[in-house]
1. Report Phe57's accessible area, 1.4 Å probe, all protein chains in place, as a number in Å² to the nearest 10.
2. Quote the FRET efficiency, to the nearest 0.05, computed for Asp109 versus Ser234 with a Förster distance R0 of 22 Å and r equal to the Cβ-Cβ distance.
3. Enumerate the calculated ³J(HN,Hα) couplings along the range 134-148 in order (Karplus 6.51 cos²θ - 1.76 cosθ + 1.60, θ = phi - 60°), each rounded to whole Hz, writing x wherever the residue is Gly or Pro.
4. For the pair Phe255/Ile384, report the inter-label distance in nm, with labels modelled 7 Å from Cα in the Cβ direction.
5. Could you report the range 81-132's accessible area per residue, 1.4 Å probe, as an integer in Å²?
6. Provide the per residue accessible area, probe 1.4 Å, for the range 161-209, rounded to a whole number of square angstrom.
7. Residue by residue, what Karplus-based ³J(HN,Hα) values in Hz, rounded to whole numbers, does the range 256-264 have, using 6.51, -1.76 and 1.60 with θ = phi - 60° and x for Gly and Pro?
8. Once you place label points 7 Å from the Cα toward the Cβ at His397 and Ile376, how far apart are they in nm?
Amino acid sequence: MTRATSVALFFYTTEIGGLINTGDIGLIWYLIFGILLISMALMASVLERLPVSPAMFYLAVGFALGPSASGLVRIPYAAHAALLTEATRIALLISLFTVGLKLRADLRDRIWLLPLRLGVAGMLVTIGLLTLGGVYLLALPLGAAVLLAAILAPTDPVLASDVQIKDVADRDHFRFGLTGEGGLNDGTAFPFVMLGLALLGAEQARMYAGLDGVLKMAWGVLAGPLCGWLLGWSVGNGVVFLRKRYRLAFGMEEFLAIGLIALSYGLAESIRGFGFLAVFAAGVGMRRIEAAAAGEAGMENGASPSPALAKLAGEAESVAGSDDKAPAYMAATVLDFNQQIEHFAEFMTVLLLGILISHTGFSWEGLGVALVLFGIVRPLSVMIALAGAGTPRLQRHLMGWFGIRGIGSLYYLLFALQYPWRIPLEQRVTAIVMTVLALSVALHGVSSTPLMKMYGRRRQSQPGTGQDKE
């Protein structure tokens, strides 16, 4: 475990411990977290071969710890919404940066049209259809229907790791589309969440109900990614320059990664850009340095050395400072570190999700919303978003199923709970969202392994399956 992951784990356990009904962490919590983490370390390889995702295990444990089961943890989530929002925000930022680092394609490459179609057009269709369903099927006020739709619209960049790009050299359009979608729509959902709150009477969000809201959205979508990309590109180039020219700035990739995440998010938000989009773009910008230096075939030709092997051989500094491998080594080491802490972020946030579901209980309305979302709205939004793209039928069907909901939706729910709106409506929407998230973790977790194995076999037997006409 790295220094940064140890600090992150201590932070999360301390914060959650402060919300425990016993008033302090106590030895029992060291035992619980120790057993859980060691169990996952031992079971990871077993779970990879089974139709069971780690998130399903975390969710079940969180539910068992909550008031519906053992009652060991009681979190008054409405009262602590601000703290819980920050915790989920950290997890999202880590994952969004990691997603950006995985996407190696040139920005002029037409493959980017896939995540743009899914993350923008697909999300807008999803919000529209869910809003109609909320008003006419659930009899929700318009503001609550818009808010519910905006909370459930983003797909998840944390829990979708099984269907995302594994090898950054992989140009499979199905994986690239879902990976990029998860990086884009968590940021673009924000103005619609604020619109829903404005329609519910939240004074702080009122400006989003008029022309000012449209202008703010346009500026945020433009300024956020531009700010993040420039920071990722310039900081990455600066590190590579120092290493190659002056033999400086070696090691401490964890500081570089977390520092760039914080800087891009903070600077984008300070100029009213969308911070989530900025962090995603920062990862893309840093990856472009390596891709531009190594070329399209660089990854296959070994331009990205293994950081672990280089360190074991005692060659890390020479590789990191070499003219031809410095950009690739920097991108690979930062990605490697981020993927490590992403596992902890997933562990803590899904555990939190399970505890909160144990508080709210399951909702029959939520079950209905989940069935409509997964079975009708998601496939329909993918079909509309990809109209004319020439995407193979198998890819469309898989994209229509793998609209995984998770930490992004949890973040926006907790964010919305910080604003004043009617308590019964708040509890109803919360129960619906929690139920949808629990079902998404279960259904998509069970189906991801067999479906992705089937897709892998199809790609091997039909080499053109992973390519579309974009």
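The values are calculated or read from the model by the stated rules, or taken from the named source; none is laboratory data. Not measured: the values here are computed from a predicted model. Heads up, the Cβs are rebuilt from the backbone with ideal geometry, glycines too, and the neighbour counts pull from every protein chain shown. For accessibility, only protein heavy atoms count, side chains too; no ligands or nucleic acids. Shrake-Rupley method; radii C 1.70, N 1.55, O 1.52, S 1.80 Å.
1. Phe57 exposes around 60 Å² with every protein chain in place.
2. On the way: r = 22 Å, r/R0 = 1.00.
Plugging the Cβ-Cβ distance into 1/(1 + (r/R0)^6) gives 0.50.
3. x, 6, 8, 9, 9, 6, 7, x, 4, x, 5, 5, 5, 5, 4
4. With each label placed 7 Å out from Cα toward Cβ, I get 4.9 nm.
5. On the way: 1650 Å² over 52 residues.
I get 32 Å² per residue for this part.
6. Working: 1460 Å² over 49 residues.
With the other protein chains kept in place, the range 161-209 gives 30 Å² per residue.
7. In residue order, the calculated couplings are 4, 5, 5, x, 5, 4, 5, 5, 5 Hz.
8. Between His397 and Ile376, the label points sit 2.2 nm apart.
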